[in-house]
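In what follows, a structure is listed as structure tokens, so that the remarks can point back to it.
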Amino acid sequence: MTVSFESVPTPVPARGSGLLRLWREFAESPVALAALAGVALLFALALAAPWIAPQNPYDLAQLSILDNKLPPGAQSIDGLTYWLGTDDQGRDLVSAILYGLRLSLLVAATATAIALAIGAVVGTIAAYFGGIVDAVIMRIVDIQLSFPAILIALILLAILGKGVDKVVIALISVQWAYYARTIRGSALVERRREYIEAARVLALSPARIMFRHLLPNAFPPLIVVATVQVAHAISLEATLSFLGVGVPITEPSLGLLIANGYGYMLSGLYWIAFYPGLALLAAILAINLVGDRLADIMNPRLKR
Amino acid sequence: MAPLLEIDGLKVQFSLRDGLVRAVDGVSLAVDAGEVLGLVGESGSGKSVTGFAILGLVDPPGRIAAGAIRFRGEELVGRSEAELRGMRGRDIAMVFQDPMMTLNPVLRIDTQVVEAITAHERVSARAARARARDALVAVGIASPDERLSAYPHQLSGGMRQRVAIAIALLHRPALVIADEPTTALDVTIQSQIVAQMQALCAESGTALIWITHDLALISGFADRVAVMYAGRIVEQGPVGDVLGAPLHPYTRGLIGSLLGGGAPGAPLAQIPGLPPSPINLPPGCAFAPRCPRADGTCATAPDDTAHPGGRTVRCWHPHAALETVA
Amino acid sequence: MSAPVIAIEYVSKGFVRRPGLAERAAGLVTGGARATAVQALDDVSFAIAEREVVGLVGESGCGKSTLGRIVVNALPPTAGEVKFRGAALATLDPAARREVARKIQMVFQDPMASLNPRMRIGEIVGEAPRVHGIVEKREAGAYVDEMLARVGLDPSLRNRYPHQLSGGQRARVGIARALAMRPAFLVCDEPVAALDVSIQAQVLNLLMRLRAELGLACLFISHNLGVVEHIADRVVILYLGRVVEIAPNAELFRAPNHPYTQALLANAPRLDTKKRRFAPIAGELPSPFAPPAGCHFHPRCPAAMDRCRSERPALREIAPGRFSACHLNAMG
């Protein structure tokens, strides 16, 4: 048994915001910093796609079918250089990847945000009321989580049909339960703390106690879950699109691009699937690394 | 006769992200064999860290930055972990505030006590268990056989602390360091444990360093007392003298703010302000910002000055020894 | 004599832990899983008059915190009732109950744990008064500043978070939060126990000043007799869920009647300038799960008689305003 610095009373920080300290700890890992830079770059590229992409791959009028399956470096009739080649529709792969990234990130981020909100609310309600409310909600969550995500998504999309919005709905339905369960665990712990008891003695309404006192304090674990889940959502959407039930074929996401190019791999036209695959890999890897680092530094923080 | 334990200018520092914490900033004290020394201070005064440092229990980011700790004349600072481990429990033992720092929650009591015995001695299992039983009886645990077969969570807080004390005294160490062992216990149980420690130490001639924030408690059974503030000892001496006629303004303020002294309903004498943050200790006397007697000279840190009767004070403006507490 | 502001009448509280599904299933094989019950409070009755401070003293497991929570209506009693100015809390309709709830507030023991770590101080103090309409939204800022100043805090602290304050400052925030509700009655649950000695004096002085200024009635729960002696008008001693003695402050400390009170006083650390031999009462605190029969204190009582082992002593008035539950008083 040894004494650690916790037995020394922590000096009162003057005006240090928690966020600043979070950043300083995060920045101590060069890998995490690089990953964060990568994520930022990807998001920036995706957002700026309409302005920086050489062509709009969704605008069928801009595509020339004669230019299809050109290798990287080839030139088009108008003098446009296809840096990464073109796919079987004649789309410039650079533009397709940018727009595809945009779509993938948009779908994943939207679905994650909404699933987070739903899951956080449901989980907090379950933890606050306990008893039968908690039992019912958690059984629903358990049942949902016992099915493979891809199966639920496939069934839903079969019912709802194709389309970007349907994909988002499917992703939300798959993800919310995970957030609900995570926040319920953390909220159960917080609920026993004295400040919740104090809020009750102050005769505040249950809604106010749940969402103004309990939820903000039970929330931190969800940040880590959410970062990793964004990556999951990206790969799930890619899988669904690959299987042909995701986004429409005229507006390809990274997954659909990979699906398109998959058949050409053995013919030597590797670039059609390879570069979108690389982009997908980079996105998922970077987000996962950021999420890992957040998980590492937030854990001891939670003990406070 | 040379003292059993001598601490000379001890400095323990913690390198934290926000800066350097001088938890112990130049502590010197001595304990004779069989003596009871009370180490008194509030939270952040460095009293616990001093206790840990004696046994080499300070881990990074903390370290002993300076000073010497001599036990039976031999230097402890810089000893190897193996040597220190050989001493812990046998020559110097420690009792913590939370008995669960001594006891393993998943092991039975007899397993743990026997383990403590066999760590320093070669005895048969049967003999070890018999000694364990005797050790529990010695600390006043009724029905020891039941307690031996129990797990820590099945015992009350007072009982657990008694077991921790029994383990500490197993090998009749020359010195026991007790870090607030009764702070978390009820008053009636606290008295029992203090009585037990008093008797056991008197019987086996064990020296005792009792670390506490409770001046009143220590007044009843310590021989000498050392008062700590912000990592330094501000006053030490025989307990009757220090508490009857305190020299340092902090000691005086502490005694004055104790309850049970003044008339009920009257405002208590209070020390204004807050204890300093250990990370940004002001230069000079650490107590000056709160001291009614501070002036310009207090901008430089005072040294220990000796006073008659084996007392030392660290203050430029100590009270006169003849001023009794009002 | 005016009606008491809080009347606690025959309040009992039992906690039962029923075996879960798995335990009951296992019990079918092993022969029955029993529910474990603990009687935290047993037939407790006393009253607190307007502007009076009653100290509630006892060691761990005596039920004092449980009683505090019952009085603020955070916990329902199993039997008996608590009346606020004559109206039983349990019989009120929800609107009236909310109204009464605001009048009875609590100061908690652990200042760090009882403040929401993600709320600023100003919000912590001002939220409830604003929500309940005690103060208008546009005046809330000034109201919070006034409350903070009243407990001796610099109003600029309102933008800080609890972890940026010291222990003493947090304790004051807890008091400010309770006072901001303009309560008629305050339950203080060990408000200074978690503080350093030098800060304790500061906070106690604050409480005494506020009491003089606002004329609040208060139930002051503490295990520390020294603190209670200083601040209470009357003292109630609790042992294992039962009241064993009630007396005015001066009389209790001058001449305690019940053997447990005497033991508490004898064992309370006092500043001595010479060594003393500690001679404590023997015996462990009994477990609340298996309290001794008859008088709960008899296994540790130096004056226990046969009668004490089987018959529970009633709380009897032994002098005007003094009550004690001990068979010794019934003799001669």
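Points worth noting:
- Basic side chains Lys and Arg get +1 at the Cβ, acidic Asp and Glu get -1 at the Cβ, and with that the dipole of the protein assembly as shown about its Cα centre reaches some 1480 debye.
- About its Cα centre, the dipole of chain C is roughly 400 debye, where the only charges are +1 on Lys and Arg Cβ and -1 on Asp and Glu Cβ.
- Bridge type composition, chain C - antiparallel percent by DSSP, nearest 5: 60 percent
- What the Kirkwood sum gives for the range A:42-302 is a hydrodynamic radius of 20.2 Å, with every pair of different alpha carbons counted.
- Separation of the range B:191-215 and the range A:77-136, taken as the distance between their Cα centroids, equals 66 angstrom.
- Sorted peptide list for C:313-324, B:38-49, criterion being average Cβ within 10 angstrom, highest first: B:38-49, C:313-324
- Annotation: the residues B:THR251, C:THR78, sorted from fewest to most other C-beta atoms within 10 Å of their own C-beta, follow the order C:THR78, B:THR251.
- Mean separation of Cα contacts under 8 Å, 6 or more apart, over the residue count of the range A:188-304: relative contact order %: 24 percent
- Count Lys and Arg as plus one, Asp and Glu as minus one, and take only other residues whose Cβ is under 10 Å from that of A:PRO57; the net charge is then -3.
- Helical content of the protein assembly as shown, expressed as a calculated mean residue ellipticity at 222 nm, amounts to -13000 deg cm²/dmol (DSSP H runs of 4 or more residues, -39,500 (n - 2.57) each, divided by residue number, nearest 500).
- By the beta-carbon count within 10 Å of each Cβ, the least crowded to most crowded order of B:ILE218, A:ILE209, A:ILE159, fewest first, is A:ILE159, A:ILE209, B:ILE218.
- Residue with peak Gaussian network fluctuation, chain C [Cα springs, cutoff 10 Å], from C:ALA178, C:ALA40, C:ALA304: C:ALA304
- Inter-centroid distance (Cα atoms) of the range B:292-317 relative to the range B:83-119, Å: 40 Å
- Global geometry of the protein assembly as shown, whether rounded, prolate or oblate, following the gyration tensor of its Cα atoms and the 1.5 cut on a/c: prolate
- Karplus-derived HN-Hα couplings along the range B:112-127 (A = 6.51, B = -1.76, C = 1.60, θ = phi - 60°), whole Hz, x at Gly and Pro: 6, 5, 4, 4, 5, 5, 6, 5, 10, 9, 9, 9, 6, 4, 5, 5
- About its Cα centre, the range A:42-302 has a charge dipole of approximately 1040 debye under the convention of +1 per Lys or Arg Cβ and -1 per Asp or Glu Cβ, with nothing else charged.
- Around the amide H of C:MET106, modelled in the peptide plane, lie the amide H atoms of C:VAL187, all under 5 Å away and 5 or more residues distant in sequence or on another chain.
- Summed side-chain charge close to A:LEU98 - residues other than A:LEU98 whose Cβ falls under 12 Å, Lys, Arg +1, Asp, Glu -1: +1
- Of the complete DSSP H runs in chain A, those spanning 18 angstrom or more by Cα along the long axis with a mean Kyte-Doolittle score not below -0.5 are A:30-52, A:93-129, A:131-146, A:164-191, A:220-242, A:271-302.
- For B:MET94, the residues whose amide H sits under 5 Å from its own are B:GLY89, B:ILE177, ignoring neighbours fewer than 5 places away on the same chain, with H placed 1.01 Å from N.
- Shielding by other protein chains, B:17-30, mean Cβ within 10 Å: 2
- Look at the dipole of the protein assembly as shown built from charges on Cβ: of C:HIS298, A:LEU243, B:ILE211, the Cα furthest out on the positive end belongs to C:HIS298.
- Label positions at A:PHE211 and B:ASP18, each projected 7 Å from the Cα along the C-beta direction, are separated by 3.5 nm.
- Neighbour-count order for C:HIS296, C:HIS132, fewest beta carbons within 10 angstrom listed first: C:HIS132, C:HIS296
- 5 angstrom amide H check on B:LEU39, placed H, neighbours 5+ away: B:TRP210, B:ILE211, B:THR212, B:ALA226
- Rounded if a/c under 1.5, otherwise prolate or oblate - the range A:67-207, Cα gyration tensor axes: prolate
- Residue among A:PRO50, A:ASN260, A:ALA127 farthest towards the positive dipole end of the range A:42-302, charges placed on Cβ: A:ALA127
Taken together, the values in this text are just the output of simple stated rules run on the coordinates, not laboratory data. Because the structure is predicted, anything quoted here is derived from the model rather than measured. Reconstructed Cβ throughout: ideal geometry from the backbone, glycine too, with neighbour counts over all protein chains shown.
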